[in-house]
Amino acid sequence: MTKLSPPTAHREPRAITQLGRTRIDDYAWMKDPNWRAVLRDPTALDPAIRSHLEAENAYTESVLGKTKPLQDLLFAEMKGRLKEDESSIPAPDGPYDYYSRFETGAQHPLSCRRPRGTEGTEEILLDQPRAAEGLAFYQIGLAQHSPDHALYAYAVDAQGSEVYEIVVKDLATGEVLPGPATSAAGDFCWSPDSQYLFWVWRDDEGRPSKIFRRPARGGPADDTLIYQEQDEGFFIGIDATQSRAFIVICCGNQETSEALLIPAADPTAVPVVFSRRETGLRYEVEHWDGRFVVRTNADGAIDFKLVWADETATQRPFWRDWITAQPGRLITGMMALRDHFVRLERVEALSRIVITRRADLSEHQINFEEEAYALSLDGGYEYDTTAVRFVYQSMTTPRRWYDYDLETRERALRKTQDIPSGHDPAQYVTRRLDAVAADGDTIPIFLLARRDTPLDGSAPMLLYGYGAYGHANEPGFSIRNLSLVDRGWVWATACVRGGSEKGWGWFMDGRKEKKTNTFTDFIACAEHMIAQRFCAADKIVAYGGSAGGMLMGAIANLRPDLWAGIIAAVPFVDVLNTMSDLDLPLTPPEWPEWGDPITDPAAYDRIAAYSPYDNVAAQPYPAVLATGGLSDPRVTYWEPTKWVAALRAATTSDAPVLLKLNLDAGHGGASGRFEFLKEIAMDYAFAIFAVARGWKR
């Protein structure tokens, strides 16, 4: 392929005055004024903007053209590790076992059921491969059978904008009922008596703001509005308790939450507030043994505690401590079963499962041996059961699904992730390291390498980071990362502040006025790996996506000398403009994370000081690959597009600055499992290209 010249984005300087401060945005024109329509229909994009995006894609393809054989090889390797006819472990519910399975070559799964405990006749509930035929994008957000097993509801996104259509299918006739719920957020639940469907509506700004109830077989004319959220900074959702005694409306942002209850015995009842919202108070509820268990940060419980609440007295003054807070032990989740209560905790970046027996409230913990591992609960449908399913994995160990008997404490291995092309864990080594932050705190790092890779500074490294919203990076298994590791790379995950690997305080120390800790932590991790001779500065590729893409933009500005390349997937880099735009889907709900630059001068100045797009400067940037999706409602397409234009105009190096914009997808990239792997293969080929200085050859 002939190498093209990089697109030159014309400048249209636009002065933006805010709180007495003025900034100039040269590339504001890249935001289509009709962006709402574009999210729902990508063909509505302004032709001039589309032409620029297509030119960016063509340039990226020309620069990376020499890596196309490598991309194909990487894709083949990843696909070879993927069991094509994969199927999930059946989850029992009443008379049926529910499961999903892929057919060989299929991009999407079949959703199925069969008579419980048998190999009887399979019933296909949803044929996703057929439904996706002819569509550039197709994704199911949520799918649930009704508790009486008669109906099947599923949320469909056909453009990647996360605007769903909720469809209901009659399982007796196979017919799809007329009148799907449209402009939906994809979140819904059945009433436990199967008579009603509750669903969440998404407004024109992309915010879930209303909840409707309709008869199970009803249509739009039957919808009844049962709740409308007045706070534009809150998100809402709906679900039923595991006991199926209550329907719960959940409202909240990163700082504050509130729940409303509807008794399952009276699903048309008006929702009642569980405990009124208080700024800074977070809580979530589960129903167990005739009362409520509340996971909350009340009373200064930064890492959360569990409290009891009676069904007749749910307000905060009546809460009674059960599992008290312990600093550094973050309670991350809970599951209620009839005779047992299960909670998931994280201590020093590692998870553990703790079981409580209802009869005497005695506890025991499920133990594991590896130095670094990832653990998750795989929730089932049934409440009256003594079994819980969990998934165990590590960076060297493929996923293992266990059924655990809560009474006998015996675990049964139900499934091990099959790697068709083969995998020998003994050929790899994983380590837990700790870097020292600028303020003296320690930052966990999880490392994976082949056992025969020399750790003397000669190996290239991919350093991954995120650091936002309290999301924790765990040392899990990846069929993708092995393609770099098998080529002598070291894969490292930096657990920087802004995540919750070391507790909720770890998150609090990486947000708002402390956000720059995220960036300096990541730099400290890179410097630690260099000092310990795990890699060298000219062989590190930094990798992050979404809010982790903001991290990539920040560290590019702060220390461009540390990186051979930077991969920024759907990067949130235009922070100041986005947090100042009330029309965008996520702006008010995001203020608790970043601050409100519209009304708060300190927040404006703080964001302006680190916002990647606003701090691009004339300096030698490393090779950069930014990716995005035209239908992305979370990080809109113009953010990476503007950033790339600014970087390319400013850089004093000859390293390429590339943009790959998926014109048929949203935040998560391509929807098919193989198409998604092709995108990852391009990322990894770019990493190899960057370390090898491929543009010089």
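Just so you know, all these numbers are worked out from the coordinates, no wet-lab data involved. Everything numeric in this text was worked out from a predicted model, so none of it was measured. All Cβ positions, glycine included, derive from the backbone under ideal geometry; neighbour counts span all protein chains shown.
Listed values, structure above:
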quantity: Sites matching GluC sites (Glu not before Pro) across region 133-224 that sit in DSSP coil, with at most 13 neighbouring C-beta atoms within 10 Å; calculated: Glu133, Glu175
quantity: Karplus-derived HN-Hα couplings along region 327-335 (A = 6.51, B = -1.76, C = 1.60, θ = phi - 60°), whole Hz, x at Gly and Pro; calculated: x, x, 10, 8, 7, 9, x, 8, 9
quantity: Residue-wise HN-Hα coupling along region 201-207, computed from phi with Karplus coefficients 6.51, -1.76, 1.60 (Hz; x: Gly, Pro); calculated: 9, 10, 7, 5, 8, x, 9
quantity: Span per principal axis, largest first, for the Cα atoms of region 533-593 (Å); calculated: 46, 17, 16
quantity: DSSP-loop trypsin sites (Lys or Arg not before Pro) across region 200-277, with at most 14 other Cβ within 10 angstrom; calculated: Arg276
quantity: Relative contact order, percent, the chain [alpha-carbon distance under 8 Å, six or more residues apart]; calculated: 11 percent
quantity: Cut-off under 5 Å, modelled amide H: who pairs with Val273 long-range; calculated: Leu261
quantity: Relative contact order (%) - criterion: Cα under 8 Å, at least six apart; region: region 348-419; calculated: 20 percent
quantity: Amide hydrogen neighbours beyond the local backbone of Leu126, cut-off 5 Å, H modeled; calculated: Ser111
quantity: Relative contact order computed over region 534-583 (Cα-Cα under 8 Å; 6+ residues apart), in percent; calculated: 43 percent
quantity: Built amide H within the under 5 Å cut-off of Gly94, gap 5+; calculated: none
quantity: Rg in Å to one decimal, and Dmax rounded to a whole Å, for region 135-265 via C-alpha atoms; calculated: 14.4, 46
quantity: Expected 222 nm ellipticity per residue - DSSP helices of 4 or more, -39500 (n - 2.57), all of the chain, to 500; calculated: -5500 deg cm²/dmol
quantity: For region 514-559 and region 575-637, distance of Cα centres in Å; calculated: 19 Å
quantity: Given charges at beta-carbon only (K, R positive; D, E negative), |dipole| of region 538-652 in Debye; calculated: 480 debye
quantity: In sequence order, calculated HN-Hα J values of region 590-599 (Karplus, 6.51, -1.76, 1.60; Hz; x Gly/Pro); calculated: 8, 4, x, 7, 10, x, 9, x, 7, 10
quantity: Distance (nanometres) between label positions extended 7 Å along Cα→Cβ at Glu86 and Asp538; calculated: 3.9 nm
quantity: Using a Förster distance of 56 Å, the FRET efficiency for Ala221-Gln326 (Cβ separation, nearest 0.05); calculated: 0.60
quantity: Gained length - Ala608 relative to Val273, 0.36 nm times residue gap less alpha-carbon distance; calculated: 116.7 nm
quantity: Per-selection metrics, the chain (Cα): Rg and Dmax in Å; calculated: 25.2, 73
quantity: Alpha-carbon centroid distance for the pair region 108-135 / region 177-254, whole angstrom; calculated: 26 Å
quantity: Electrostatic dipole magnitude of the chain [Cβ: Lys, Arg +1; Asp, Glu -1; Cα centre; debye, to 20]; calculated: 1560 debye
